[in-house]
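A.B. asks: Have a look at this one.
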Amino acid sequence: MEVKMKSKMKMKPKMKIFKILFVVLFSFFCCFQLAASDRFSFRADRMSGSRATGRATTILIGNAEVRSDNLLLKADRIEIQGDDNQFIDCIGNVWGFEQEKNIYFYTDRLRYDRRSKVARLEGNSTLEDRANEVVARARFIEYDDQKEISVLQVAVRLFKDDMVCRAEHAIYRREEKLLDLTGFPVVYKKDDEFRADRIRVDLDTDDVIMEGSVSGTITN
């Protein structure tokens with residue numbers, strides 16, 4: 001009897017540790033199992049996280065990758081926060097791909113809200129809409145996936161075929177294939193040059209509509 005009692009006493013700390021580990025792992029499993037029903041998955045070289053009340057956080061480091069519905073994101077570091085992993089913050093060598101619309105993202109930092117489906121790109125940022133053969137670059141890009149509208153700010157450059165558009169602010173309406181430029185906008189079309197206070201470009205027909213202080217150079 002004495003030997004059996006000692007054996008039970010030695011097992012108690014191990015059983016306690018096992019229970020703690022089980023609870024922690026189970027909480028993480030439940031969280032991501034719930035997200036998996038919304039097509040959410042991730043992988044990385046390293047992972048850390050906490051399940052603090054009201055502030056669930058998961059940090060992925062090294063070759064980090066997250067897939068949410070049709071969006072695939074890769075970065076050096078990805079932080080996931082919020083209920084049902086709502087907020088995704090990607091930092092360093094960020095690459096993104098929206099599979100359904102064939103849109104690529106390249107940026108220094110990308111913040112994505114899975115609920116509103118809005119992505120914010122910060123730093124040297126590029127949005128490549130391969131379906132419409134449009135490449136847009138700026139220091140800040142906000143892309144609304146549901147409305148299919150992109151807002152670009154600071155050092156805006158947009159390229160399509162032989163057309164180059166420059167401005168400090170632009171709104172790209174993907175579905176309508178319209179581009180609105182303000183902030184010293186300039187449009188170069190082959191050897192032609194157009195300047196105005198406001199410029200609208202129809203990216204389907206290449207028509208240019210200008211308003212305010214209009215000037216241009218046309219080469220015959």
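A.B. asks: Return the loop-located GluC sites (Glu not before Pro) in segment 73-155 (DSSP other than H, G, I, E, B) with at most 12 other Cβ atoms within 10 Å of their own Cβ; answer none if there are none.
C.D. replies: Of the GluC sites (Glu not before Pro), the ones in loops of segment 73-155 whose Cβ has at most 12 other Cβ atoms within 10 Å are Glu100, Glu133.
A.B. asks: For segment 69-220, count all C-alpha to C-alpha pairs, find those more than 26 Å apart, and express that count as a whole percent of the total.
C.D. replies: Values: 3180 of 11476 pairs.
Taking all Cα-Cα pairs of segment 69-220, the fraction more than 26 Å apart is 28 percent.
Rule-based calculations on the coordinates, nothing more; no lab input. Everything quoted here is computed from the prediction, not taken from an experiment. Neighbour counts are summed over all protein chains in view; Cβ atoms, including those assigned to glycine, are modelled from backbone coordinates with ideal geometry.
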